[in-house]
Amino acid sequence: MARIRDRRRLPRVRPAPAALAALVIGAAGLAAAATDGAPAGADPAAGSAAVVPVGSGGYTDERPAGEPGPSDQNGAPVAPKVTDDFEGPAPTNEWWSSLIFQRYPGNPYGENLYAHPFSFRPHAGGLEVGYPDEPNLVADGLKYEYPHTADLTMGASGLDAPRTEVADHGDWTVTAQWEGGGTLRTTIGQGLPFAYAETEGADPEVSFTSAPEVWHEEGDVVGATVGGRHYALFAPSDAQWTRSGNAFTAPGASYYSVAVLPGPGDLDAFAPYAHSFVTGSRVEYAYDEAAAELTSTYRLTTEPKEGTEDGTLMALYPHQWDAAADPLTDLAYASPRGEMRVVDGARFTTELSTHGLLPGLPTADGADEGRMRALIDEELHHEDPFRGGDDTYWNGKALGRLAQLVPIADSIGYTEGRDGLLELVKGRLEGWLTAGGARQFHYDSAWGTMLGYPDSFGAADQVNDHDFHYGYFVQAAAVVARYDRDWAAEDAWGGMVRLLIRDVAETDPESDLFPRLRSFSPYAGHGWASGHAGFAAGNNQESSSEGMHFAAATALFGAATGDRELRDLGVFLHATQASTVTRYWQDHGGGTFPEGFEHDVVGMVWGDGGDYRIWWDGGDEEHYGINYLPITASSLYLGHDPEHAAAMHASLEDRLGGEPQVWRDVHWEHQALSDGPAALARFEEQWASYEPEAGESKAHTYQWVSTLAEAGTVDTSVTADTAHYAVFDNGGTKTYVAYNPGTAPLDVSFSDGASMTLEAGELGTASS
């Protein structure tokens, strides 16, 4: 039998296998709790007190002695690389974070930046530009990539800057600055087919890396092809490009733009927008609970540099154009996520159905409640219920494991067990949320982030994985709030929980504490794990499922505390990511993985592609399972297409030549999304002898597989007028589940005509 492996053996941003390191580390790399609406007593800007009280808890505004803060590769402290006029807390965990977080002492500019359809690399002379349109298979076919290829540099005459700094940013755009022999500012962003530049004290200059084929040259507009890729250079209409060798300059001008064109014949479609410069980006969302619909609007702010045209073009990822309410043009680009399609305008809207977030599954009538109670007791009365985990990740997983047992105990009438588990979870949470103890949180004002100590996997020194770690704390707090709303009040322990949520997913763009949506990249539709993104492959996201777990935990905590704004944030994060996870990590529907990539899943999505491997030397079960765990009632999205879920499980067994032996419980739970009876049978055969995954328990696995064996598979054709529901189908018999987090009775209506009335706090079921 295979040895049970740890969940993560190596930090995410340290090279695992040497081959992986060679692929992702660049050569240069190797050489509303702010003072406006803060919880009572919270004033981190004051800097005078080591402990800042927040309700019943608090945090430190001085880093505990001996603990790491944001650092470079050598362990030296790093400060955000920003201009004097930069405003707000410093973002991390972005596709462009290597611009602001200097991980490598020898590279003050940044690593490769993937803002599809473009790729970029900053250097002393400006911004290198490319359009990766062809995939490569590397590492014996384990990774596919669209690598950065330098076609030209956007610069300024005589520019030789000692470093690159961040001047401004939006939700998916960034403005970078170079100073040295003149000043250059460029604005780039995901989905932008234009890159924009402004110069001061130097003339605009675009240098091709090899002799371009110039097919249009008329004053302020140049059209050229290099390496089979097509570009247009736009200077002000009263300026003129002049050529010297492979370089074009626009004497006397102070701005210009560069567009990547699908083909030379598309120049006329781009020219009208050449002087409409993008200055910002923002996503706005609206959740219609009654209609079970999330509407998201992606909006660019633009400024005409001349004339009055303020429109532009936007290239949409597949998960966006598949749900877009706006007409698409015939323009398209290649990308590592599949074909990008273009809309004409500075905004577009997507519409997604929402399929409900439950705090847990109901317990099946046929489950052996005596055995379930005994399995709960094994966890409750274990000599170390937390299994030695004593950092933000492993302690978090233990909190999540214990918290998931609370509603199960409640569902079988085991009140003593429920209350004992609640006390365990409360006690450990309160220890973490109180400053000055062995476990605590610190607010780093330089980087605008909450750092938990003890930390792990670079959560403190690299600002990695905050959504992964803190999601377990929020989930556990949501469970406590379900049974003890007073505990989660703002002036009790809820104030600190909200700070953890805001660290990951602040929504206020004017916050003095945290950057907006740190751990969620709204245009990409998922998060990025690395705080600094210091890789030639861009940033990466391994455990998409832990990002989903944070989203669901946020929604459930908001619901349990009566905070609809927080609930809606969680719904937005969860529904948006659900539209990307199986598509980009599992090639659901086809169109993502390139021809010749002989894997059905990737363990990690990278800026430049996808990699079957993970950050430690794990087996196939872990390559698949890293994007399943932790299994909670919010994991039902993995079964929205039962046939696809079945294909994923079959794919794993084909690779193994048999049943999973590592993380068996996680894979049984995933299998249950397509075949509950088979998953239950495997549990029954092995339940007494297998070792649970660190975040799992036998009691929870038993409840999950036995419930789905009776209820069947997820039925997304039926929706409900509440945020908290699920519908299952078993051979035509439907099971309806809904939860009322409120304090008054709730009538729930399903779109097929079914209905139920729930008492306050009730998780109810009905069948038809």
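The rows are residues; the columns are (1) of a type in the set (V, I, T); (2) closer than 28 Å to R373 by Cβ; (3) in the same structural domain as D365 (by TED's automatic domain parsing); (4) surrounded by 22 or more Cβ atoms within 10 Å (Cβ to Cβ).
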position: D390; (1), (2), (3), (4): no, no, yes, no
position: G400; (1), (2), (3), (4): no, yes, yes, yes
position: T415; (1), (2), (3), (4): yes, yes, yes, no
position: R418; (1), (2), (3), (4): no, yes, yes, no
position: E423; (1), (2), (3), (4): no, yes, yes, no
position: Y443; (1), (2), (3), (4): no, no, yes, yes
position: L451; (1), (2), (3), (4): no, no, yes, yes
position: H466; (1), (2), (3), (4): no, no, yes, yes
position: A476; (1), (2), (3), (4): no, yes, yes, yes
Q | Within the stretch 703-725, considering residues that are in contact with a helix residue (DSSP H, G or I) (Cβ under 6 Å, 6 or more places away or on another chain) and within 18 Å of D365 (Cβ to Cβ), the one surrounded by the fewest Cβ atoms within 10 Å (Cβ to Cβ) | A | A709
Q) Where residues in the stretch 149-177 are among the hydroxyl-bearing types (S, T, Y) and outside any strand (DSSP E or B), which of them is modelled with the lowest pLDDT? A) T149
Q: Could you list, in sequence order, all residues of the stretch 656-672 that are crowded, with 24+ Cβ neighbours inside 10 Å and at positive phi?
A: W663
Q) How about the stretch 743-768: which of its residues are within 25 Å of A488 (Cα to Cα) and either in contact with a helix residue (DSSP H, G or I) (Cβ under 8 Å, 6 or more places away or on another chain) or among the aliphatic types (A, V, I, L, M) (or both)? A) A744, L746, L758, A760, G761, L763
Q | Positions within the stretch 103-136 being among the aliphatic types (A, V, I, L, M), buried (at least 24 other Cβ atoms within 10 Å of the Cβ) and either under 25 Å from the mean Cα position of the chain (by Cα) or not assigned by TED's automatic domain parsing to the domain that holds V82 (or both), in sequence order | A | L113
Q. So which residues in the stretch 390-406 are within 9 Å of S456 (Cα to Cα) and of a type outside the set (D, E, K, R)?
A. T392, Y393, W394
Q | Selection within the stretch 505-531 - basic (K, R) and crowded, with 24+ Cβ neighbours inside 10 Å | A | R518
Q. Do you know which residues across the stretch 707-721 are over 17 Å from G356 (Cα atoms) and hydrophobic (A, V, I, L, M, F, W, C)?
A. A709
Q) Can you pull out the residues in the stretch 280-312 that are of a type in the set (S, T, Y) and over 30 Å from L566 (Cβ atoms)? A) T302, T308, T312
Q.
Please list, ordered by residue number, the strands (runs of 3 or more DSSP E) wholly in the stretch 669-763 having 3 or more residues that are within 29 Å of E379 (Cα to Cα).
A. 733-739
Q: Select from the stretch 137-167 the residues that are on the phi < 0 side of the Ramachandran plot and of a type in the set (D, E) and write down the one among them that is surrounded by the fewest Cβ atoms within 10 Å (Cβ to Cβ).
A: D160
(Q) Residues that are β-branched (V, I, T), surrounded by 15 or more Cβ atoms within 10 Å (Cβ to Cβ) and in contact with a strand residue (DSSP E or B) (Cβ under 9 Å, 6 or more places away or on another chain), at least 1 per element: which strands (runs of 3 or more DSSP E) completely within the stretch 238-297 meet that? (A) 247-249, 255-261, 276-288
Q.
I'd like to check something: does the stretch 447-455 contain any residue that is touching a helix residue (DSSP H, G or I) at 6+ places or on another chain (Cβ under 8 Å) and among the aromatic types (F, W, Y)?
A. no
Q. When both residues are 6+ apart or on different chains and their Cβ atoms are under 9 Å apart, which pairs have a first residue that lies in the stretch 172-194 and is farther than 21 Å from V342 by Cβ and in the same structural domain as R341 (by TED's automatic domain parsing), and a second that is buried (at least 24 other Cβ atoms within 10 Å of the Cβ) and among the hydroxyl-bearing types (S, T, Y)?
A. none
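The values are calculated or read from the model by the stated rules, or taken from the named source; none is laboratory data. The structure displayed is predicted, hence computed values, not measured ones. In this analysis, Cβ positions are derived from the backbone assuming ideal geometry, glycine residues included, and neighbour counts consider all displayed protein chains.
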